[in-house]
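Engineer: Sharing a structure here in structure tokens format.
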Amino acid sequence: MAGTKIPAPSSISGPTYATSQLLVQQTAYKLSDKIFSFSPETFNLDAAVKEWSQADEKNMYGETTTVVPLQTRTGAGAFALGYIFSKDFDLSKRHVPQSLLAPSLSLRHLRSALDQLSLLYGVASPFVAHIAAVDYSANDGLVADYESALQTAEDLGLGLVASGSAYEAQHMSLLATLLASLLPTLHVYDGLRTARETLRVVDALSEASIAEIYNKVSKAAGALNKRLDTAGKVVELLREFNDELGTSYAPFEYHGHEEADAVLVVFGSAEAQLAKQVVDALASEGLKVGTVIVRIYRPFIEEAFLAVLPDSVKQVAVLGQVRDAVSVEDASVQSALYSDVLTTVSFADKWSSEPAVVDVKYAASTVHTPSSIASVLLSLSAKEARTDTSFTLGSLDEVKQYTFWDVDNSTAVDAASMLGQFLASESSDNVYVHDVHDNLVHGGVVRTDIRSSKKSIKVPFAVEEADIVYVGEEKLLNVIAIVKGVKSGGKLIIRLPNYKAEDVEKRIPAAARKDIQEKGLKLIIVDTSSSPALEKESQLLVEFAFLTIARPGLTLEQLTKFTVLSQDQVTLTECANALGQSVIQFEVPATWAESTEGATPTLVQSIKPNSFVPFQKEEPEQELELNDWQSAAKALAFKEAYSIQNDLRPDLTVKTHTVHVKENRRLTPGSYERNIFHIEFDLGTSGLTYNIGEALGIHADNDPAQVLEFIHFYGLNADDLVQVPSRQDPTIVWETRTVYQSLVQNLDILGKPPKRFFESLAEFATDESEKKKLEFLGGKEGADEFKRLSEVETVTYVDILERFPSARPSFHDLARIVSPLKRREYSIASAQAVTPTSVALMIVVVDWVDTKGRTRYGQATRYLSGLLPGTAVTVSVKPSVMKLPLKDTAPLIMAGLGTGLAPFRAFVQYRAMQKAAGKEIGAILLYLGSRHQREEYLYGEEWEAYVDAGVITLLGAAFSRDQPQKIYIQDRMRETIVEIVKAYVRDEGSFYLCGPTWPVPDVTEVLQEAIVKAAEGATKKVDPRKEIERLKEDGRYVLEVY
């Protein structure tokens, strides 16, 4: 399944989910001495064998198969040749096969080496090349290229065996390796679709079975009659192979009417699967057609080919691949397969009247479907070619088909893959999953097809009529004809964050709306933003939404047991409970059938695969360099030559200012466990300006003492100069600092490391056990252990470097894998109109005791709490959603918990200034919450003074722990709901909440109660939930929570 862990070769056996690409690698690894790989990085043709080799998995000879990754270039095969014919080659291994893994695009570069190997094969080891038929075309993207393999085998006299499907890939890999004892052999399989589709293989061979069959058939091959020619030996070896496996493979396999007039000869995985099924369907209707599937192309065994052709045949059509559309139109170009078939039929004496042989050419970029194959077959008995045939495989009648569309950077892009894994695990159904990436449409689009069937099916083509289609990005409907792919009466799921019923028509293009109505589709909206607390769980919401639609009988209790989707039971339950408000059945208006807004845009009917992975949108960062002071001196002396400029924190993209501490006083008693302090900065000549409600970004330093401890521990020179490439501003190339400065101001060395740090650090570990432990912590298997380290032990980068002493990256590597320090932002607690030369903050020091009994501190709050008056600090301003209403008379309803009161101090300061100037101001309802009044009545004297001055209309203070029964901010709001009704609903006030996220549902519930209470006696019913959404859009329901 896409995105799943590579299984150990020993676990591949019997019924198992795999790709043919994995099965090919399993066979190659088990039977080979060395594997030479020419896989482009994103093709992953060798991903499994490399992992197995690193894990020291053994082959059938009791040794670890060596995997040699090589680059595709001119003379690419010289390394493999050099090994095979080396004077130092271990002759005891001469009988052991050497294997190659490569895409067909590499064959042109391997041609010279393969030619030499063919000439010297009598003294060489058995050699088999497993070739994934895939190439890249500038116009068509990735294409299934068989033509290169056919031509190479023909020109160089190589053997060539083809896999007709993923189910056969393992068998044909084994057969090709056996044939390599007779001649160098290519095993070709579809590298574009069949190789990468995850499906259930019922009878996958185990490692032991592969070794046993190989040994038995090899022994039989050694006893073959020496007088037989190569073709005769191949036939005998294939017979032994079938006897051992209980199969009936043949060089050429016929399917169709016993007295066919027209026969289509095909080569290739998708071509073979489709031709067989289409022919069988047409023949059952009485049409005299058949097909010959070419399994062994070289040697081309003419007697075997003629034997399978019916005596009745009058026309033999060869479905032959050529390079491109130009070659299709060029009458002088023949397909390689056509030449062999024409020669064989022309010299045969089987018929009194020789059948006509025609070359039905197609370009490598052609995507075959049942309809396209049916068109070819029906055209054979017609006078003119047919292109309008519509043909559906009967095997799909009982198959559930789903298609998922999304952009590749979507937060829910992996939903389809996870659902595929779930569907495969929760029943005995056969599940098929296939991804297509088009990185040229809309910045990167992913299409995933999932099929679920009681029976095993062979359907190597995209879903054409899906039962359910999911669209994760609404804008894709503007460029791709997605709705065409939903079957009539099917279901269309569209993810529409911030859903409003009245906006749906605007957000879905006219052409899509018309198709939805005409096809009678059920339209379901998934609003992943309906629950603010679950915004980060959009993928899980999508997965649950799909399952409830695809499996309507599922209960919430059953949903929460789907641990394949998530290990977090709390999150599972929250998402399941959120479905009621997140999944909306939208009633499609009849007027959509008449949607004709301007000219209908030309939509892409389908996407072209041009990659196997999403587009890498981030540029690789430059490496930093360590230099001495002389280098810095030269740069400073010759600034223009070295493009040097002086700047305040040039590594930061925001505009920064230097301000100075004016006041730093603690608001809570010194004996109290929580240190909440007020810090005020003098703006001086900095030029800093800020608006009410904005936040001040503090560019805090790491603790110098801890940095010096680390420098000593790591053996660094604090004064060495380091050139650091800017991580945030691509217009700045270098920032020159000392090692000490970089650790104090640039690198978050005292912060929490993310999972990727463990994975990166593992590359530098020289101790094998430490390396494995780091890889474990950086992988999915170590998720629980990583969570414990991060959340319970609260380890830092320094802790991890101390814990794994063999992992010692150089300083420039350390700077690459340690995250940069981020500015910390705090709501401003002052209004510049009132205090024009200063800016104030209210901050709580973050501290805790770790599992080793050490007191730990938040980096920025510790830095700020210790600043003395006059200290210079680098700051920046960040805009905020917290803005005063445009009307001075609009009421303010504000709820602040702890330091969340900070922006409301600025609000009240400004309104007080307006009142003092004689302006009319609206009512102010201020609700504040903290633990104890005596210790945490933050700015309490100020609030009471504002109440006395008539600025604050109502002060609702909730001190949760000052009485036996806890009282929270929502309780104070509910007690004064009459005042809220007047200020918020009737006088059209604005509500603001600042602080932690936990009170959001409760506070929102009070507001909804106020809305309902205000509507009592009204003739029109009000939906409070929708009303809150409207208020949110109008800027009258504002949350700043963290």
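The values are calculated or read from the model by the stated rules, or taken from the named source; none is laboratory data. No experiment lies behind these values; they were computed from the predicted model shown. Cβ sites come from the backbone with ideal geometry, for glycine too, and all protein chains shown count toward neighbours. We work out accessible area using only protein heavy atoms, side chains counted, and drop any ligands, DNA or RNA first. Shrake-Rupley method; radii C 1.70, N 1.55, O 1.52, S 1.80 Å.
Engineer: What residue, of LEU683, LEU667, is closer than 19 Å to ALA860 by Cβ and among the aliphatic types (A, V, I, L, M)?
Structural biologist: LEU667
Engineer: Any chance region 386-393 includes a residue that's touching a strand residue (DSSP E or B) at 6+ places or on another chain (Cβ under 7 Å) and acidic (Asp, Glu)?
Structural biologist: Within region 386-393, not a single residue is touching a strand residue (DSSP E or B) at 6+ places or on another chain (Cβ under 7 Å) and acidic (Asp, Glu).
Engineer: Give region 929-952 a look and list any residue that's surrounded by fewer than 19 Cβ atoms within 10 Å (Cβ to Cβ) and either of a type in the set (Lys, Arg) or in a loop (DSSP other than H, G, I, E, B) (or both), or say none.
Structural biologist: ARG931, HIS932, ARG934, TYR937, ALA949, GLY950
Engineer: Could you check LEU523 against (1) within 19 Å of LYS400 (Cα to Cα); (2) touching a helix residue (DSSP H, G or I) at 6+ places or on another chain (Cβ under 8 Å); (3) open to solvent by 40 Å² or more (accessible area, probe 1.4 Å); (4) not in a helix (DSSP H, G or I) and say which number it fails?
Structural biologist: Condition (3) is where LEU523 drops out.
Engineer: Does region 541-550 contain any residue that is surrounded by fewer than 21 Cβ atoms within 10 Å (Cβ to Cβ) and over 20 Å from ASP414 (Cα atoms)?
Structural biologist: No, region 541-550 has no match at all.
Engineer: Looking at region 54-69, which of its residues are outside any loop (DSSP other than H, G, I, E, B) and either within 26 Å of the chain's Cα centre (by Cα) or free of Cβ contacts under 8 Å to residues at least 24 places away in the same chain (or both)?
Structural biologist: Of everything in region 54-69, those that are outside any loop (DSSP other than H, G, I, E, B) and either within 26 Å of the chain's Cα centre (by Cα) or free of Cβ contacts under 8 Å to residues at least 24 places away in the same chain (or both) turn out to be GLN54, LYS58, THR64, PRO69.
Engineer: Of all residues being modelled with pLDDT of 85 or more and of a type in the set (Phe, Trp, Tyr) in region 338-397, which is nearest to the chain's Cα centre (by Cα)? Just the residue, please.
Structural biologist: My answer is TYR362.
Engineer: Within region 976-1004, how many residues turn out to be open to solvent by 10 Å² or more (accessible area, probe 1.4 Å), part of a helix (DSSP H, G or I) and either free of Cβ contacts under 8 Å to residues at least 40 places away in the same chain or among the basic types (Lys, Arg) (or both)?
Structural biologist: Here the count works out to 7.
Engineer: Since THR411 meets every condition but one in (1) of a type outside the set (Gly, Ala, Ser); (2) open to solvent by 20 Å² or more (accessible area, probe 1.4 Å); (3) part of a loop (DSSP other than H, G, I, E, B); (4) touching a His at 6+ places or on another chain (Cβ under 9 Å), which condition does it not meet?
Structural biologist: Against the list (1) of a type outside the set (Gly, Ala, Ser); (2) open to solvent by 20 Å² or more (accessible area, probe 1.4 Å); (3) part of a loop (DSSP other than H, G, I, E, B); (4) touching a His at 6+ places or on another chain (Cβ under 9 Å), THR411 comes up short only on (4).
Engineer: Turning to a different aspect of this structure: Hey, among ALA195, ALA180, ALA223, which residue is more than 19 Å from SER11 (Cα to Cα) and over 44 Å from the mean Cα position of the chain (by Cα)?
Structural biologist: After ruling out the rest, the residue left standing is ALA223.
Engineer: Write out, first by first residue and then by second, each pair whose Cβ atoms fall under 7 Å of each other, whose residues are 6+ apart or on separate chains, and whose first residue, in region 572-593, is closer than 21 Å to ILE508 by Cβ while the second is surrounded by fewer than 17 Cβ atoms within 10 Å (Cβ to Cβ).
Structural biologist: From region 572-593, the pairs are ALA593/GLU518.
Engineer: Whether any residue in region 102-120 is of a type in the set (A, V, I, L, M, F, W, C), open to solvent by 60 Å² or more (accessible area, probe 1.4 Å) and touching a residue at least 12 places away in the same chain (Cβ under 8 Å) is what I want to check.
Structural biologist: So far as region 102-120 goes, yes, one or more of its residues are of a type in the set (A, V, I, L, M, F, W, C), open to solvent by 60 Å² or more (accessible area, probe 1.4 Å) and touching a residue at least 12 places away in the same chain (Cβ under 8 Å).
Engineer: Restricting to helices (runs of 4 or more DSSP H) lying wholly in region 752-807: which have 1 or more residues that are under 25 Å from ILE6 (Cβ atoms)?
Structural biologist: Per the criteria, 755-762, 768-778, 783-787.
Engineer: Go through region 153-163 and report how many residues are open to solvent by 10 Å² or more (accessible area, probe 1.4 Å) and either of a type in the set (Gly, Ala, Ser) or under 22 Å from LEU192 (Cβ atoms) (or both).
Structural biologist: Number of matching residues: 1.
Engineer: Starting from residues that are open to solvent by 10 Å² or more (accessible area, probe 1.4 Å) and touching a helix residue (DSSP H, G or I) at 6+ places or on another chain (Cβ under 7 Å), keep the ones in region 305-318 and report whichever is farthest from LEU228 (Cα to Cα).
Structural biologist: The residue in question is GLN315.
Engineer: When region 71-94 is examined, which residues are found to be buried (at least 20 other Cβ atoms within 10 Å of the Cβ) and either modelled with pLDDT of 85 or more or assigned to a loop (DSSP other than H, G, I, E, B) (or both)?
Structural biologist: Passing the criteria: ALA76, GLY77.
Engineer: I'm trying to understand the selection: among the residues of region 173-196, which are open to solvent by 10 Å² or more (accessible area, probe 1.4 Å), over 14 Å from GLY268 (Cβ atoms) and aliphatic (A, V, I, L, M)?
Structural biologist: Of everything in region 173-196, those that are open to solvent by 10 Å² or more (accessible area, probe 1.4 Å), over 14 Å from GLY268 (Cβ atoms) and aliphatic (A, V, I, L, M) turn out to be LEU182, LEU183.
Engineer: Shifting gears a bit: Hey, VAL839 hits all of (1) modelled with pLDDT of 95 or more; (2) aliphatic (A, V, I, L, M); (3) in contact with a helix residue (DSSP H, G or I) (Cβ under 8 Å, 6 or more places away or on another chain) but one; which does it fall short on?
Structural biologist: Result: VAL839 passes all but (3).
Engineer: Let me ask you something else. Are there any pairs, at least 6 apart or on different chains, whose C-beta atoms fall under 6 Å, with the first in region 207-232 and without any contact (Cβ under 8 Å) to a residue 24 or more places away in the chain and assigned to a helix (DSSP H, G or I) and the second open to solvent by 50 Å² or more (accessible area, probe 1.4 Å) and of a type in the set (Asp, Glu), and if so, which?
Structural biologist: As it stands, the answer is ALA220/GLU240, since those pairs meet every condition given.
Engineer: Can we say LEU199 is at pLDDT below 95, assigned to a strand (DSSP E or B) and surrounded by 24 or more Cβ atoms within 10 Å (Cβ to Cβ)?
Structural biologist: Criteria met by LEU199.
Engineer: Answer with yes or no whether GLY62 is at pLDDT below 95 and within 26 Å of SER106 (Cβ to Cβ).
Structural biologist: no
Engineer: State which residue pairs qualify: first residue within 20 Å of GLN21 (Cα to Cα) and of a type in the set (A, V, I, L, M) and inside region 603-616, second residue open to solvent by 40 Å² or more (accessible area, probe 1.4 Å) and assigned to a loop (DSSP other than H, G, I, E, B) in any location, beta carbons under 7 Å apart, and separation of 6 or more residues or different chains.
Structural biologist: Hits for this filter: VAL613/THR42.
Engineer: Still on this structure: Here is a list: VAL881, VAL844, VAL873. Which entry is buried (at least 17 other Cβ atoms within 10 Å of the Cβ), touching a strand residue (DSSP E or B) at 6+ places or on another chain (Cβ under 9 Å), of a type in the set (Val, Ile, Thr) and farther than 15 Å from ILE676 by Cα?
Structural biologist: Details: VAL881 fails: buried (at least 17 other Cβ atoms within 10 Å of the Cβ); VAL844 fails: farther than 15 Å from ILE676 by Cα.
On inspection, the qualifying residue turns out to be VAL873.
Engineer: Going by the conditions given, is LYS487 open to solvent by 50 Å² or more (accessible area, probe 1.4 Å), at pLDDT 90 or above and outside any helix (DSSP H, G or I)?
Structural biologist: When the stated conditions are applied, LYS487 passes them.
Engineer: So, one more: Is it the case that region 419-430 has a residue that's more than 12 Å from the chain's Cα centre (by Cα), assigned to a strand (DSSP E or B) and either crowded, with 20+ Cβ neighbours inside 10 Å or modelled with pLDDT under 85 (or both)?
Structural biologist: Yes: region 419-430 contains one or more residues that are more than 12 Å from the chain's Cα centre (by Cα), assigned to a strand (DSSP E or B) and either crowded, with 20+ Cβ neighbours inside 10 Å or modelled with pLDDT under 85 (or both).
Engineer: Here are some conditions: (1) open to solvent by less than 50 Å² (accessible area, probe 1.4 Å); (2) out of contact with any strand residue (DSSP E or B) (no Cβ under 9 Å at 6 or more places or on another chain); (3) modelled with pLDDT of 80 or more; (4) farther than 18 Å from VAL486 by Cα. ARG513 meets all but one. Which one does it not meet?
Structural biologist: Evaluating ARG513 over (1) open to solvent by less than 50 Å² (accessible area, probe 1.4 Å); (2) out of contact with any strand residue (DSSP E or B) (no Cβ under 9 Å at 6 or more places or on another chain); (3) modelled with pLDDT of 80 or more; (4) farther than 18 Å from VAL486 by Cα leaves (4) as the failure.
Engineer: Quick test for you: out of SER760, SER810, SER769, SER827, pick the one residue that is out of contact with any Phe, Trp or Tyr (no Cβ under 8 Å at 6 or more places or on another chain) and closer than 23 Å to SER865 by Cβ.
Structural biologist: Working: SER760 fails: closer than 23 Å to SER865 by Cβ; SER810 fails: closer than 23 Å to SER865 by Cβ; SER769 fails: closer than 23 Å to SER865 by Cβ.
Matching residue, one of SER760, SER810, SER769, SER827: SER827.
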